[in-house]
Amino acid sequence: MWVLVAAIGATYWWALTRLEPKRLAGDDRPTHGREIAAFLAGLLALWIGADWPVGALGARYLLSVKTLQYLLFVYGAPPLMLLGTPRWLLRRLVRGRTAFRFARFMTRPVLPFMLTNAVLVLVHLPRVVDDLSKNQGLAFLLDMAVIASGFVFWWPALGRLPELKPMAYPVRIFYLMLQLFIPTLPASFFTFGTYPIYGLYELAPRVWDLSAVEDQQIAGLVMKIGGGFLLLGPMSVMFFRWHAREEAT
């Protein structure tokens, strides 16, 4: 993960210093300081979620910390890194016909929503957590799938490129609102369960004197409340932007 984070940061720095922005779709605005700050904040969230202590505790000891890592990988790092990528650089990435069509297709909300929640269900299945997570290589691939699902989810919600015809603000708000309810299913199992769901965390050495059931209940609260706050923030910004645009019209 250190190598991955360093490679992403180095590639971003190289793009800003070596690639000259070209006038694509009439947007030649240089990279803003806010974009660089957002990208670095997203990269920091990715690093915090992957490194010690979050990565180590979540991998084998505490389900609550694993849930926190999931939120950082899906609702923390991806939106900040997408917001921090300047439009001229995004246009270079989707400049080819195939890449543009794929980016345009992924701007539609149905498939990103289904893929994100399919990964959510997959990585929380007891068979996956108890069996596959014990293998370091497979655990790394699962983390990569979670991070990728975060980028897939936020791509249509943020609507970074106007030429891809992004969704209107009311549709984006509704799209994020739906995501408030889907994680309720695993969160309910965690919060109201009276016995441990995962053998991996049930048999792990206890940390902070938390029992396996208490840790599981905290994980449910973290997923529901923490995920809700991380979604309500962008929804609020989109609402006020929508209101301002309507007022201007």
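Below are the figures for this structure:
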item	result
Average accessible surface area per residue within the stretch 1-145, 1.4 Å rolling probe, Å²	56 Å²
Shape of the stretch 62-123, Cα gyration tensor, a/c cut at 1.5	oblate
Lys/Arg +1, Asp/Glu -1 at C-beta; the stretch 122-249 dipole; positive extreme among Ala168, Val152, Thr249	Thr249
Gyration tensor (alpha-carbon) shape descriptor, the stretch 1-110, a/c threshold 1.5	prolate
Hz values of 3J(HN,Hα) by residue in the stretch 159-164 - Karplus curve (6.51, -1.76, 1.60), Gly and Pro given as x	x, 6, 10, x, 5, 7
For the chain, built as a Gaussian network whose Cα springs stay under 10 Å, the top-fluctuating residue of Arg18, Arg104, Arg92	Arg18
Sites Arg206 and Asp131, calculated FRET efficiency, Cβ-Cβ separation with R0 22 Å, nearest 0.05	0.50
Rg to Rh quotient for the stretch 95-234, alpha carbon positions, Kirkwood Rh	1.05
From the C-alpha gyration tensor of the stretch 130-203, square roots of 5λ in Å	33, 19, 5
GNM result for the chain, Cα springs below 10 Å: residue of Gly228, Gly96, Gly193 fluctuating most strongly	Gly96
GNM result for the chain, Cα springs below 10 Å: residue of Thr67, Thr11, Thr116 fluctuating most strongly	Thr11
Mean Cβ neighbour count within 10 Å, used as a protection proxy, ranking 201-208, 213-220 highest first	213-220, 201-208
Where the stretch 187-249 is the region considered: accessible area per residue in Å², 1.4 Å probe	64 Å²
Dipole moment magnitude, nearest 20 debye, the chain about Cα centre, only Lys, Arg, Asp, Glu C-beta charged	1220 debye
Largest to smallest principal axis extent of the C-alpha atoms in the stretch 153-249, angstrom	59, 24, 21
Rg ratio (alpha-carbon, reference 2.2 N^0.38 Å) - the chain	1.08
Protein accessible area in the chain, 1.4 Å probe - carbon and sulfur %	70 percent
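The values are calculated or read from the model by the stated rules, or taken from the named source; none is laboratory data. These figures come from a predicted structure and were not determined experimentally. Glycine gets a Cβ as well: all are built from the backbone with ideal geometry, and neighbour counts include every protein chain shown. We work out accessible area using only protein heavy atoms, side chains counted, and drop any ligands, DNA or RNA first. Shrake-Rupley method; radii C 1.70, N 1.55, O 1.52, S 1.80 Å.
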